[in-house]
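**Student:** Would you mind keeping the following structure in view while I ask a few things?
Each reported figure results from applying straightforward, stated rules to the coordinates on display, with no laboratory input. Everything quoted here is computed from the prediction, not taken from an experiment. As a convention, Cβ positions derive from the backbone with ideal geometry for all residues, glycine included, and neighbour counts pool all protein chains shown.
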Amino acid sequence: MSTPTPADSAASPTGQLDKKKSLILGAVGLFFIIIIFWKVIPQIGSYSDAIDAIKAMSTPAIILVIVMVLVYLTCYGFPFMAATPGLRFWPSEQINQAAFAISNGVPGGGAVGLAFQFGMLKSYAITPAASTSAITAVGIWSIFISLGFPILGVVALVVSGENGSSYVWAALLGLAALVFAIVGFTLVMRSERIARWAGRTGNRLVGPLRGRVKSLATVDLVEPITSFRSSMYGVLKQRWSRLTAAQVGVSVTQFLILYVALRGIEGWDSPGISVLLVFAAFAISQLGMMIPITPGGLGTVDAVMISLLISFGVEPGDATAADLVWRAASYVPQIIIGIIALVTWMRRAGRTFAASSAPSA
């Protein structure tokens, strides 16, 4: 699939999408979400007990959850700012929140969100090359963090004194994928010669499929990989630390929403579950995001997280309630803010693109 240009993205963000395929994928994702929340989670925890637990939360506990949500939403604005030279905080917040709303609310939304990211960056005078680098860097770093967290989750289990042997598979799976991704990425970034070697190796691997898969018949991976390396090298050399801090901040603050929600439900005056065990449940459950069935791991992550919390000693109703509060608090506000950001940007972008095209009219 060809990469959309910023101009194409702004003019017709859905023009290159296969609408039939998008609708089918959306329907499949919706089906699994319904099945998970309707059939799977009730087998793990009780919705009625969860609702009772949420109703029993104190006002200070609810306020603390709201404060953590605000911190999380603020952190969500930093990744694009960290990856894009010259981009300020509010445009970065708009881009990430709008992309979240589209990706999680539209069938095939990932491709639509990508197109809008290009268009939004262009409206803020970011060059096509810088836009490509920023979008790619933010996406790759998000994957790195998602793969690394399950490893940290198992470490947290061991440090807390729990028997983490049954979860070693999660750590090994995450570690293997993370090492493979980082080593391959580092080698490609190291030199153009290695990037060309990687492209030629990829060509040899897909060679046997060229006669069977029409779309692979003329694919040459050397040029895309070398172009990727040249566009990414400068950005990552100067900004990898800021980008890492921004992405870690997003994940950590999302975890803190879960933690304060659970402690608020259990009661802060009770001993409750340790922060390490809550982190372990959160971190290991992120593997559910690797299952490309539902957007953002909706349902899959929740089922795993509730199961882990219960296995660590949390009451089923409390675990289900904490997950529902966490999911609603970290999901619904982003959808709303994303829609507002998108509408605000589209009004501004219409004036910007109109003004830029006026001299040539």
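**Student:** Given the peptides 316-324, 120-128, arrange them by the average over their residues of other C-beta atoms within 10 Å, most packed first.
**Tutor:** Working: 316-324: 25.6, 120-128: 20.1.
Packing order, densest peptide first, comes out as 316-324, 120-128.
**Student:** Let me ask another. May I ask you to sort 307, 274, 241 by Cβ crowding, counting other Cβ atoms within 10 Å and putting the fewest first?
**Tutor:** On the way: 307 19, 274 16, 241 10.
Fewest-to-most Cβ neighbours within 10 Å comes out as 241, 274, 307.
**Student:** May I ask you to evaluate 6.51 cos²θ - 1.76 cosθ + 1.60, the Karplus curve with θ = phi - 60°, for each residue of segment 116-121 and list the ³J(HN,Hα) values in order in whole Hz, giving x for glycine and proline?
**Tutor:** 5, 4, 4, x, 5, 5
**Student:** Would you order 326, 141 from fewest to most other beta-carbon atoms within 10 Å of each residue's own beta-carbon?
**Tutor:** Values: 326 26, 141 20.
Lowest count first: 141, 326.
**Student:** Here is a follow-up. Counting only residues 5 or more places away or on other chains, whose amide H sits under 5 Å from the amide H of residue 272 once H atoms are built in the peptide plane?
**Tutor:** none
**Student:** Would you list 268, 240 from fewest to most Cβ contacts within 10 Å? Don't skip to the end; give the middle numbers.
**Tutor:** Values: 268 12, 240 15.
With the fewest neighbours first, 268, 240 line up as 268, 240.
**Student:** To the nearest 0.05, what FRET efficiency results for residue 125 and residue 274 with a Förster distance of 51 Å applied to their C-beta separation?
**Tutor:** On the way: r = 48 Å, r/R0 = 0.95.
That gives a FRET efficiency of 0.60.
**Student:** By how many nm would the segment from residue 237 to residue 335 lengthen if fully extended, with 0.36 nm per residue of separation less the alpha-carbon distance?
**Tutor:** Answer, rounded to one decimal: 32.0 nm.
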